[in-house]
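Please read the structure below before turning to the comments.
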Amino acid sequence: MSDSGRALQPFGRPSVVKGVEAGAQSGLAGVRKSGTDAARAEAEGPDALDVRALLQLVAGEGAGAAALEELAREDLGPLARRSPHDLRARSGLSRAAALRLAAAFALGRRVENAVSPPRVPLSGAALVHAVMAPVLRGLDREQFHALLLDTKHRLVRHVRVSEGTLSTALVHPREVFAPALREAAAALVVVHNHPSGDPEPSAQDLEVTLRLVQVGNLVGVPLLDHVVIAGERWVSLRERLRWDAASAEPVAGRAG
């Protein structure tokens, strides 16, 4: 049969067109989902949303569905410490979306740190952990902090003394006691984190602690404890080294 006599068949829809339509439908679904999340957040408050929906609301249109799913599966502590550049490189977010997420995490830390310290004596490592764990959560470097206490051992304020590497925070007694003397603190607790997740103190931790105890005796600002924090776990070096809280005299190695 000649071409002129051949029945004309309807053209199939090109695969490119089908792909574009599928992408458009997926995008519309994402927009509808985002709109639903926003409406629910307005009606019930943001706490009613899951992590993925909260990330979507903050990141906006610069976050694809795959990126949001990946972010929602991560541990929020380390995620909240990632830089905008890291968020873009590892999750494929747009520049604006990465900046919005990083800013939201930073604002959350400011709010958490702005909470007034408990006006109760920091009489044990558990209370010290409750105060400092939010400050140290998600860090990938060791930080060393000094807690300045009043005569009743209540927290006046905390000072970040130094920041170190993945496994070491270098600290000198002068850096620890200078702010305590400047603000006439009556006593001191020091804290540092172990990003590894293991709060077991190193030999260097023990050595630094004993040195700080001795300097505290000399300057009249006793060191009450050195607490090592790793997530939800902690170790009290006062309990480990067993020094008298009243005199801050170390008695490490002596039988109890």
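The values are calculated or read from the model by the stated rules, or taken from the named source; none is laboratory data. If you're wondering where the values come from, they're calculated on a predicted model, not measured in any experiment. Note that we place each Cβ from the backbone using ideal geometry, even for glycine, and neighbour counts take in every protein chain shown.
Overview of values
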| item | result |
| --- | --- |
| The one condition in (1) modelled with pLDDT of 95 or more; (2) touching a strand residue (DSSP E or B) at 6+ places or on another chain (Cβ under 6 Å) that F177 fails to fulfil | (2) |
| Any hit, the stretch 72-94, residues being at pLDDT 80 or above, basic (K, R), surrounded by 12 or more Cβ atoms within 10 Å (Cβ to Cβ) and more than 26 Å from P195 (Cβ to Cβ) | no |
| Condition broken by A98, with the remaining ones in (1) surrounded by 14 or more Cβ atoms within 10 Å (Cβ to Cβ); (2) assigned to a helix (DSSP H, G or I); (3) within 15 Å of the chain's Cα centre (by Cα); (4) of a type outside the set (S, T, Y) satisfied | (3) |
| Selection within the stretch 176-205 - farther than 27 Å from R233 by Cα and in a loop (DSSP other than H, G, I, E, B) | E183, A184, A185, A186 |
| Residue match in the stretch 151-166 (condition: of a type in the set (A, V, I, L, M) and not in a strand (DSSP E or B)) | yes |
| Residues (of a type in the set (G, A, S), at pLDDT below 90 and part of a helix (DSSP H, G or I)) located in the stretch 101-141 | A102, A103, A104, A106, G108, A114 |
